[in-house]
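Here is the structure we will look at, set down as structure tokens.
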């Protein structure tokens, strides 16, 4: 999306999901607005992959560099039940 308004939620819209790809990027699927540190908006489309390894030449987007550099995710997300107990 390139406008300044947040996506409108309704009962027909699927929720936006953020998924970690094993030893790879973050996958954002669904309506989202990506804004950089200068306030520029990116048209994200339906699914985007954001760099997690820091080596992408197309930041903030993933370009597959994680595979070349052998990126290994340092931590795994806790299951929802574990996160609530913490």
### Query
Can you find even one residue in segment 62-70 that is surrounded by 10 or more Cβ atoms within 10 Å (Cβ to Cβ) and modelled with pLDDT under 95?
no
### Query
Out of (1) modelled with pLDDT under 95; (2) farther than 21 Å from residue 78 by Cβ; (3) in contact with a strand residue (DSSP E or B) (Cβ under 7 Å, 6 or more places away or on another chain), what's the single condition that is false for residue 37?
(3)
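The values are calculated or read from the model by the stated rules, or taken from the named source; none is laboratory data. Predicted model, so just to flag it, every value in this text is computed and none were measured. Don't worry about glycine lacking a Cβ; one is built from the backbone with ideal geometry, like all the others, and counts go over all protein chains shown.
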